[in-house]
Amino acid sequence: MKHTFPVTSGNVLRCRGWRQEGLLRLLENVLSVGEDPDNLVVYAALGRAARDWPSHDKIVETLKTLETGQTLLVQSGKPIGVLRTHAKAPIVIMANCNIVGQWARAEKFYELAEKNLICWGGLTAGDWQYIGSQGVIQGTYEIFMRIAARHFGGDLAGRFVLTAGLGGMGGAQPLAGTMAKAAILCVEADETRIDKRMAIGFLDTKTNSLEEALAMIRKAQSEKRRLSVGLVGNAADIYPEIVKRGVVPDVVTDQTSAHDLVYGYIPSGRSLDEVRQMRKGDPKVLMEESTRSIVRHVGAMLEFQKKGAVVFDNGNLIRTQAKNGGVTNSFDIPIFTDAFLRPLFARAIGPFRWVALSNNPDDIRKIDDLLLEKFGSNQIVSNWVQLARKHVPFEGLPARIAWLGHGERTELGLEVNRMVRDGTLSAPIAFTRDHLDAGAMAHPNIMTENMRDGSDAIADWPLLNAMVNCASQADLVAIHSGGGGYAGYMTSAGVTLIADGSEAADERLSLTLTNDTSTGVMRYADAGYEDALDEAKRKSINHFRLPQ
Ligand code: NAD
């Protein structure tokens, strides 16, 4: 059966309240902007919105009939049942893809998925928080700007950025690159992904020829002109070829789905059709071939680093895969969190976002105005909102992301709830955030690599975070662990709130948004980060300092 993926607009409810309707619209939204919605895949190769179509349909049916005081349970994308709770309890709680430690391996995940016992929710796919490629765009932009400030005098004008992967998340790279004024080359094995990014205005142009791509980049560099080029090709071939030609980009990274050797990464020498067939028939061979390609891919990244390029891992486990393939020094490449973003996370500043459930872009514009009025003196926020307004097109339900911290999120949430109440906004707003947020993720090769106290692999923090958000009356709370190639590598927590204008929503927003970031500051304060200790003191967060 072919499915359609509309987003719902306006004020007519299909559910018994806006909390349920809001979550239903978010579920529809992740599919409408997802990469392969017919298979319920939202992004990152296997990140699914629901286990299967019967599960999806039952979730939809349940959200439509769910009463206040009831809570829907979801286990790895499958609705399990409805419990009687109370009016202040979350209306959906989820646990997605949590496999017991010794069993948490990619092969075991595939086996369980084959039996339809489990599915992977990615971070924001399974809990319906994904907002399209713009979800990571500010993070990518902030990384580029931090590199620019540290190495290139403030922006990336005249600089060459090389990357790969234009999928659900990686698709944000070309736009983030041009927003930072760079000439950015994005290598992508699947031409349809390139076309999709061009169609939504995230990518300027494409070519099949490396020669032509490099010429375009060179010209843009010499004119200090922003440009993004999509090159159809395999990064495991193209990166070494660029090394061979003696060309050294200024900045190099990668956002192919290298975390998953079967369903994500495309090995060199294989067509997309061949890879699709091998996924079922020859997964072992595919894993070996992907590993061999990643070894070359990362080998070239290390060569670029030796020649002076700023090289970083953008959160796709590529260094880990290369190390498993024998590249003993792959961790010479730093991870973006440790290299660029930790000072922000230590203050619980992270990727907060909101979605206009009306499907009316004016609602987002009005919140942009509010943000500039309230946080105009916050350089990161005001700079970002002005840029995003100008450059970031909406996909699916209009949404905005902005890196806000403790107190700021609560202030915005309450003000927006007031604007819903007094009719300034045309319908309720959903608030959510990435799982890659201060208190919400344990991911020792990405988010928590090199924590000051060595607590990289401790997953208590996201579990505490999820429980805190349940206790604080969030509308949806989810605990996710890694699936596919991420199995055994991470645990994280997600949260969503519907600002429906009610006084009950004031309470939910105030408690959840405040406590969510409090756990973030506490996590970093506990690890000994001065920024977090300072933030806790300045903002009166009741964190205990005991001797270790
Ligand atoms: P995706 O599966 O939607 O897209 C990956 C893209 O890489 C696909 O278009 C695929 O064709 C392409 N690709 C695969 N192998 C290739 C190769 N050898 N050469 C060229 N192109 C190749 O995944 P996504 O959602 O874009 O995520 C990409 C990666 O980034 C994942 O590993 C994901 O977990 C990670 N990620 C990081 C962050 C972060 O905060 N930094 C956020 C989200 C996702």
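So here's what we get for this one:
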| read-out | value |
| --- | --- |
| Residue count for the range 341-375, restricted to those that are charged (D, E, K, R), farther than 26 Å from Val33 by Cβ and touching a helix residue (DSSP H, G or I) at 6+ places or on another chain (Cβ under 6 Å) | 1 |
| Tally, over the range 352-389, of residues that are surrounded by 18 or more Cβ atoms within 10 Å (Cβ to Cβ) and touching a Gly at 6+ places or on another chain (Cβ under 6 Å) | 1 |
| All positions within the range 94-149 that are without any contact (Cβ under 8 Å) to a residue 60 or more places away in the chain and open to solvent by 10 Å² or more (accessible area, probe 1.4 Å) | Val100, Gln102, Trp103, Glu107, Glu111, Leu112, Glu114, Lys115, Leu117, Met145, Ala149 |
| Flag for Thr328 being assigned to a helix (DSSP H, G or I), among the hydroxyl-bearing types (Ser, Thr, Tyr) and free of Cβ contacts under 8 Å to residues at least 40 places away in the same chain | no |
| Any chance Gly10 is buried (at least 24 other Cβ atoms within 10 Å of the Cβ), closer than 30 Å to Glu507 by Cα, of a type in the set (Gly, Ala, Ser) and in contact with a Ser or Thr (Cβ under 7 Å, 6 or more places away or on another chain) | no |
| Selection within the range 242-268 - in contact (Cβ under 8 Å) with a residue 12 or more places away in the chain and more than 18 Å from Ala322 (Cβ to Cβ) | Arg245, Val247, Val248, Pro249, Asp250, Val251, Tyr263 |
| Among (1) open to solvent by less than 20 Å² (accessible area, probe 1.4 Å); (2) away from the ligand (no atom under 12 Å from the Cβ); (3) not β-branched (Val, Ile, Thr), the one test that Tyr239 misses | (2) |
| Members of the range 301-330 found to be among the aliphatic types (A, V, I, L, M) and away from the ligand (no atom under 12 Å from the Cβ), listed by number | Met301, Leu302, Ala309, Val310, Val311, Ala322, Val327 |
| Subset of the range 247-273 that is open to solvent by 10 Å² or more (accessible area, probe 1.4 Å) and among the aliphatic types (A, V, I, L, M) - its residue that is farthest from the ligand (Cβ to nearest atom) | Val248 |
| Options Leu175, Leu156: the member that is crowded, with 24+ Cβ neighbours inside 10 Å, outside the structural domain of Ala442 (by TED's automatic domain parsing) and within 14 Å of the ligand (Cβ to nearest atom) | Leu175 |
| Helices (runs of 4 or more DSSP H) completely within the range 441-539 that count 1 or more residues being among the basic types (Lys, Arg) | 503-526, 530-538 |
| Those residues of the range 515-541 which are closer than 17 Å to Met467 by Cβ and over 24 Å from the mean Cα position of the chain (by Cα), in sequence order | Asp526 |
| The range 274-328: number of residues that are open to solvent by 40 Å² or more (accessible area, probe 1.4 Å) and either polar (S, T, N, Q) or touching a strand residue (DSSP E or B) at 6+ places or on another chain (Cβ under 9 Å) (or both) | 4 |
| Test result for Leu286, assigned by TED's automatic domain parsing to the domain that holds Tyr141, of a type in the set (A, V, I, L, M, F, W, C) and part of a loop (DSSP other than H, G, I, E, B) | no |
| Residue list for the range 481-525, filter: open to solvent by less than 40 Å² (accessible area, probe 1.4 Å) and among the β-branched types (Val, Ile, Thr) | Thr491, Val495, Thr496, Ile498, Thr512, Thr517, Thr519, Val521 |
| Test: residue in the range 429-451 that is under 17 Å from Tyr524 (Cβ atoms) and among the hydroxyl-bearing types (Ser, Thr, Tyr) | yes |
| Residue within the range 198-220 that is under 28 Å from Tyr489 (Cα atoms), touching a residue at least 40 places away in the same chain (Cβ under 8 Å), within 16 Å of the ligand (Cβ to nearest atom) and not β-branched (Val, Ile, Thr) present | no |
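The values are calculated or read from the model by the stated rules, or taken from the named source; none is laboratory data. The model shown is predicted, which means the values in this text are computed figures rather than measured ones. Counting neighbours? That spans all protein chains shown, and the Cβs are built from the backbone with ideal geometry, glycine included. Please note that ligands, DNA and RNA were not included when accessible areas were found on the heavy atoms of the full protein model with its side chains. Shrake-Rupley method; radii C 1.70, N 1.55, O 1.52, S 1.80 Å.
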